[in-house]
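Single-structure report; data block below.
The values are calculated or read from the model by the stated rules, or taken from the named source; none is laboratory data. These figures come from a predicted structure and were not determined experimentally. Glycine also receives a Cβ, built like all others from the backbone with ideal geometry; neighbour counts cover every protein chain displayed.
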Amino acid sequence: MFKSCSDAPKNGVKLPPWLNHFNARDLQTLFRCSVAAWVATLLIFIGPSLATIGQATFFACLVIFIAPPSGIVFIFMLATITMLLGICLAWAWGVIAMKAALAARPASDTQARLYALQQAVVSRANATGEPAAAIQQELIFDGFMLDARVTVIYFVMICLFVYFLARLRAMNPKFALVQVFGTIISDLFLVIAPMLPSFSGTLPKTLIEPAAIGVGLGLASSILFFPQSTSSTVLLGMEKVIQLAKSPVDYTQSSLSKESDDYSLEDLVKIKGQIIAAYKVMEPAIGFLPLDFSIGRWGAEDIKSLQKPVRNTLLSSLSLLEFHIARVGGHAKLQRLKETPSEKQDIDEKGLREVGLRQLTDSLELVQAIQSPEHESLRSENVRTLKQSSSEILPACLDAVTIIVDCIHLVNKNRWLPSRSREKNEKLLDEGPKVLEALRVARSSFATNTTEALIQTHGAIFDEEGNLKPVDILVSHSVRGIMTGMVFEERMLAVTDALIRLLAHTLTLLRERPKTRLWFPTSLRYAAAWIFRKDAVAPIPEEQAPMTDPDDNATSTDEAQQLLRISRGYRPRQRNGFAKAVLGTYHWFISAEGMYALRMVIVTIALGIPAVIPSSAGFYYREKGLWGLIMAQTTMLVYMADFTFSVVCRTIGTVVGGVLGLVAWYIGSGHGAGNPYGLAAITGAIIVVLMWGRLFFSPALLQAIIMCAATFVLTVGYSYDDTHIPQYGNPGVGYNVFWRRLVLVLVGITAATIVQLFPRPPSATRHISHSLSNAIRSLSDHYALLLTCWGHPEHRETGQIAEQISIDLAEVLTTLTGPIALLRFEFSSSRFDSQTLHQVQSLCHELNQNLGRLLLLSGSLPLELQTRFAHSFGILDHRQIGDAMAVLGVVEQALKTGDALPEVLPTPLVKRSYEYWMQRSGEFKLGVDLVRDENYRKYCVAVSSYVRFLGVVDELVLVVKKTLGEVHVVSREVWNV
């Protein structure tokens, strides 16, 4: 159909995404976060606050960089609550561990050791003249009071807690901050508490106080400087989503025109990703609307009532965009098929054949059979027909989008001074109904004119009574042209209907809510549910994207589970209860999450032991070995790809942050002891730069930015500590702090690398390929469910939950996007690479979309047309079902085992379906009255979705074959038998 797209848009040079934030809202966010971080830094340079808070005053600024007040106030509060929860849990457990550990040593032994400490202090003080308190502190931290019994209790209890936190984080990324800060506080009890002579429950106060101050500063900044309500954030997100959702309509208009096409297939896929990403950013905040406290015209319920119309608009726009993607992608695949080598060219110089040649050859024969000059002529006729019929509806849709965006922008603007927008409000209330009525009129005329134009264009295939003539090649092409045109019509009408509903609802809200008022929270239940919901958004971008098993349908609805249970089948034999319990326990410990937690314990013990050995305890304390331990623990991740990327980011971030710290220190203080005014000025400037990166750089660089900020703050903070509150173990100033910090980072990374690699590195490639294998198994279940429901009236309720079934799997597949991108950093023995798995993931998305659309139609398409579809295209034919199931099963196992696929498979499935249709072409019924039937458009969509489903399965086989190769090759002579 329309023109192919081959050239990228030529819009000139654009700023990179991380620089495209010079707008009022982003600059306000930058100011709010930078002020909080800068004030936290100022506490280091104020003498009384530094003396009161202590050596780790810089930790307040680090907390703000980890969880900046960049968004909604309540979400920031939830983020910091999870952080404080980890701190409190670790503090409580540490106190319990301290009590238990001190009880392990008899009181008489403790008194004897204390007496020996006192004698050593007196003796050294008399000999050197040093203060007794300083000598006692040095001897304690050199390990004078260490006892093996006490140390063992500490290590057992703290390591148990570290294991628990690691499993908690691996199970639910929501607890990332709980694990990070809980582990840091636990480390204090692990490496310092065994050296203390008596109980000290306030040991972690050194870090807890600045952490709490950082939280307080962030909260105060969120409230005082440009506070963001949930309603404002959601409305801004909706405005962006709707603005992006008009891109498919824009593209349709340009494609139908005679103007040059400025978009390639990659551009269309990129637009699709931008639309989905914008909605995914907006959607989590909707759940917080009941907790919102705001001033404005629309309340939480009003805004939430827009969610479904906006979502329907988004889905219909994506459906139209997918129509164009399939068309442009099909053209590109057709060109590749035409380049398939002939029989004499299928062996290269090394005697190797092209993988998948048999399937490619069969596909090429199918293309040659259905293509002809008449086919190209009819395509041009279709383009002219659709251009004429859509000349009114496309501009009407664009006008509707403009009005909707203007309404939302108006309500979200001037919340405090609504009188400033009164004139604009009246203008929208006057123009909006006119645009709505024009859209309805355009919709009605488009539905009528397009159908009649298609009938007129292909009128040669109908006899005088309006019935289809005997089927030949020309008739076949015309039938496909009619069906393609009606699929486009259905997609366009879906977009129009969604915009009509959204515009009508928006105008109703605008009319019924003329005044600004104060809105209070309506429910607090979501706050508690959010913490324990695994699928709810985390407060900060995760270092490691959650990898959920696609077979885990815990988030599915009960109805979906009930429908899928039959499709999944039952195993004939089950293990007894005891065996299942033993195996379950074993797998619980050796799972990816269990191995991650075990590795965390091993690295904790490895880098914690030097702190409790008398000969190395003093060196460990003086050189701040605690930070090396923390670095090793925070570097550990579940899978190798994430770990490798983490190591690279942390190393680069440490070096850059250290350089910035040195620049700040020597500019602010020169060679002196540290000028608080100069340091305050230069750190303020650098904090703005670092905070820009923290807020606006890609989430993949989160670790690098946080490490950069941490090293910068540590360098300045410890340098100022050394000259203003000298203590035993201070690392020095400037360059001395930097190189010691760098050494600790490298030590921690080295230890983590050794533990991560041996005895077997946890492969993300293996996990992702298994997850995609499970996704294909789920798709087979959905296919079986479709076959169960198609043409059976007792299962028509399936259509009501078909969307939820598709969404469940789509969300699982989407979580694999980040991990697949990180596979470039993994050394793996698997044949699958990032590019191949990304292709498989994309194809799984397409299969899911087409099966979801067919499931939806199984509940809305009239039974008569469902029966006609099954009879004409063989969707219920046992041979076609067996072929599709067999191919899906083979691909599923290949992704899991890595074994090559057989050369001869029942592919291409599209060719078999075409042959089935040709065998029944004499019984194919199509008439003018049927084309005018509104339900027939849905029938055409069903045909398009089913053929596309089979085509994607064929493409999936080729992708896997090109990676794994072919086995059981049949000789060339057999092909032609």
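Can you go through Ile531, Ile461 and tell me which one is among the β-branched types (Val, Ile, Thr), modelled with pLDDT under 75 and either outside the structural domain of Glu283 (by TED's automatic domain parsing) or under 39 Å from the mean Cα position of the chain (by Cα) (or both)? If you could, list the steps in order and put the result at the bottom.
Values: Ile461 fails: either outside the structural domain of Glu283 (by TED's automatic domain parsing) or under 39 Å from the mean Cα position of the chain (by Cα) (or both).
It is Ile531.
Kindly establish whether Leu629 is crowded, with 23+ Cβ neighbours inside 10 Å and not in a helix (DSSP H, G or I). Can you show your working first?
Values: crowded, with 23+ Cβ neighbours inside 10 Å: yes; not in a helix (DSSP H, G or I): no.
No; evaluated as a whole, the condition is false for this residue.
Taken over region 155-174, residues that are outside any helix (DSSP H, G or I) and among the charged types (D, E, K, R) amount to 0.
Within the set Ser719, Ser698, the sole residue that is among the polar types (S, T, N, Q), more than 22 Å from Thr52 (Cβ to Cβ) and assigned by TED's automatic domain parsing to the domain that holds Tyr620 turns out to be Ser698.
Restricting region 86-142 to residues that are under 30 Å from Pro173 (Cα atoms) and of a type outside the set (A, V, I, L, M, F, W, C) leaves a set whose member that is farthest from the chain's Cα centre (by Cα) is Gly94.
Within the set Phe199, Phe175, Phe189, the sole residue that is surrounded by fewer than 21 Cβ atoms within 10 Å (Cβ to Cβ) and in contact (Cβ under 8 Å) with a residue 12 or more places away in the chain turns out to be Phe199. Counting only residues that are more than 17 Å from Leu779 (Cβ to Cβ), touching a helix residue (DSSP H, G or I) at 6+ places or on another chain (Cβ under 7 Å) and part of a helix (DSSP H, G or I), region 883-909 holds 0 of them. Looking at Ser829, Ser834, just one residue is assigned by TED's automatic domain parsing to the domain that holds Gly859 and buried (at least 16 other Cβ atoms within 10 Å of the Cβ), and that residue is Ser834.
Note on region 40-56: among residues that are assigned to a helix (DSSP H, G or I) and over 39 Å from the mean Cα position of the chain (by Cα), the one that is nearest to Thr715 (Cα to Cα) is Phe45.
Residues are listed down the side, and each one gets a yes or a no for (1) free of Cβ contacts under 8 Å to residues at least 24 places away in the same chain; (2) closer than 24 Å to Ala606 by Cβ:
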residue	(1), (2)
Ala709	no, no
Asp722	yes, no
Ile725	no, no
Gly729	no, yes
Gly734	no, no
Phe738	no, no
Leu742	no, yes
Leu746	no, yes
Ala752	no, yes
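Got at least one residue in region 206-228 being closer than 23 Å to Thr506 by Cβ, touching a helix residue (DSSP H, G or I) at 6+ places or on another chain (Cβ under 9 Å) and not aliphatic (A, V, I, L, M)? Within region 206-228, one or more residues are closer than 23 Å to Thr506 by Cβ, touching a helix residue (DSSP H, G or I) at 6+ places or on another chain (Cβ under 9 Å) and not aliphatic (A, V, I, L, M). Ala40 meets the conditions (1) farther than 22 Å from Ile682 by Cβ; (2) surrounded by 21 or more Cβ atoms within 10 Å (Cβ to Cβ); (3) of a type in the set (A, V, I, L, M, F, W, C); (4) in contact (Cβ under 8 Å) with a residue 60 or more places away in the chain in every case but one. The failed one is (1).
When Tyr936 is tested against (1) in a helix (DSSP H, G or I); (2) surrounded by fewer than 21 Cβ atoms within 10 Å (Cβ to Cβ), only condition (2) is not met. So the check is Cβ under 7 Å with 6+ separation or different chains; which pairs have a first residue in region 937-948 that's outside the structural domain of Met492 (by TED's automatic domain parsing) and a second one that's of a type in the set (Asp, Glu) and in a helix (DSSP H, G or I)? Pairs found: Arg937/Glu489; Arg937/Glu490; Lys938/Glu490; Cys940/Glu490; Val941/Glu490. Here Leu888, Leu854, Leu863 are screened, and the one residue that is farther than 22 Å from Arg358 by Cβ, hydrophobic (A, V, I, L, M, F, W, C) and under 29 Å from the mean Cα position of the chain (by Cα) is Leu854. Within the option set Arg879, Arg912, being touching a Pro at 6+ places or on another chain (Cβ under 9 Å), surrounded by fewer than 16 Cβ atoms within 10 Å (Cβ to Cβ) and assigned to a helix (DSSP H, G or I) holds for one residue only, Arg879. For the residues Ala278, Ala285, the requirement of being aliphatic (A, V, I, L, M), crowded, with 17+ Cβ neighbours inside 10 Å and within 21 Å of His845 (Cα to Cα) singles out Ala278.
When you check Ala170 against the structure, is it buried (at least 20 other Cβ atoms within 10 Å of the Cβ) and not polar (S, T, N, Q), yes or no?
Numbers: buried (at least 20 other Cβ atoms within 10 Å of the Cβ): yes; not polar (S, T, N, Q): yes.
Spelling it out, Ala170 is indeed buried (at least 20 other Cβ atoms within 10 Å of the Cβ) and not polar (S, T, N, Q).
Consider Lys246 carefully, then state whether it is of a type in the set (D, E, K, R), at pLDDT below 90, surrounded by 20 or more Cβ atoms within 10 Å (Cβ to Cβ) and farther than 30 Å from Ala498 by Cβ.
On the way: of a type in the set (D, E, K, R): yes; at pLDDT below 90: yes; surrounded by 20 or more Cβ atoms within 10 Å (Cβ to Cβ): yes; farther than 30 Å from Ala498 by Cβ: no.
It is false that Lys246 is of a type in the set (D, E, K, R), at pLDDT below 90, surrounded by 20 or more Cβ atoms within 10 Å (Cβ to Cβ) and farther than 30 Å from Ala498 by Cβ.
Restricting the first member to region 648-668 and to residues that are aliphatic (A, V, I, L, M), and the second to residues that are not in a helix (DSSP H, G or I), the beta-carbon pairs closer than 8 Å and six or more apart or on different chains are Leu662/Gly734.
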